[in-house]
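Before any comments, here is the structure.
Just so you know, all these numbers are worked out from the coordinates, no wet-lab data involved. What you are looking at is a predicted structure, and each value in this text was computed from that prediction instead of being measured. Neighbour counts run over all protein chains shown; Cβ positions are idealised from the backbone, glycine included.
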Amino acid sequence: MIDQVTARFIRRIIISLLLGGLVLLGYIVVQPFIVPVAWAMIIAYASWPLHVLVRRYVKQRTTLSALLTTLLLATAFILPTLWIISLLRTEIGFAYTHFSAQVAMGPPKLPDYMRNLPWLGEWLNNLILQSNDNPQAFQDKITLWLQESSNQLISVLGDVGRNAAKIGFSLITLFFMLRDGDRLFRQVHKVLFRFLGARIDNYLTAVGNMTTAVVWGLIVTALAQGFVAGLGYWWVGLSAPMLLGTITALVALIPFGAPFAWGSISLFLLVNEQYFNGVILLLWGALAVSSVDNLVRPIVISTATRIPFLLVMFGVLGGLAAFGLIGLFLGPVILAILMAIWQEWLEESELESQTENDTASQDDQSP
């Protein structure tokens, strides 16, 4: 009897080691493609309503609808991206020349009305006084910063072109995700249900809601804010509106980042005595750019209204720091699953307490 138990135990250990080794080897094989596959899954989930609409239009031909949806998404992404990159490459040179010329003129003088502002005026005045003490050091520092920032941005734009193969692989994966998405979801649900039981439905709902919140409530809102802010920059005559609008969109991914972007540019115009343009840009940012966040976000987020704001903020910032750009989604999703587990434990604890109270009351009433 002991020999049979020992043999069964050894057999399970061997099977577990073999299975673990296969999983490790599988991870090594697919590791270079994890990020493209993750992007394909996120895009497939976000564009699933479009795929359903196209599938209905082509009379439920799944392969054709997946191909058409993939082509639509590729066209909507690649063409604007190439156009923006070409504009940014041109505007980076203009912006570098313009700011270098501004720096060569020396530190600006703070107007009297801004110097008298409480708290902010004194801080700005001290900053300018420090730069006036050593103008050449100030000029060298700003020039070096502009050069490094321009080189980094050009390098990032170049990486987009060098990663074209990964983008192509993501599009191919996206096609199969759309074509086989229903069957794949059922298989994943069946496997996870075997390990986690009925609670997997709550976890998948949390993942879906958080992905919706990040894709539509964060990214789309940030892009819209960058576009509207870019119109304002062009309107007041700034030399690189596309570049500044792109920077505003990137900063808008951080909560309360967009007001910092257009507010800083407005302050720059006011300091340089461009009062009319500075005031116009302030009004445009406060009335137009900020209204995008107030109008677009409630419209596009319908299923994620119960997600706390702090959860999204910490998830986005922490995810970006830990995983890079894909962490924009992974961070909030991980925190959403943890929150779902936390709420499930609370509900189970309350249910157990209520059951114990009911049992105690029944015992007290029994003769």
Practice problem: Pop the C-beta distance of THR75 and LEU295 into the FRET formula with R0 = 25 Å and round what comes out to the nearest 0.05. | Solution: 0.40
Quiz item: Just for the Cα atoms in the range 181-344, what are the lengths along the principal axes, largest first, rounded to whole Å?
Solution: 68, 27, 25
Quiz prompt | Within the range 174-233, trypsin sites (Lys or Arg not before Pro) in DSSP loop having at most 11 other beta-carbon neighbours inside 10 Å | solution = none
Quiz prompt | Contour excess over end-to-end distance, with Cα ends at PHE176 and ILE10 and 0.36 nm allotted per residue | solution = 55.7 nm
Exercise. Using 0.36 nm per residue of separation minus the Cα-Cα distance, give me the extension gain between ARG186 and PHE323 in nm, one decimal.
Key: 46.5 nm
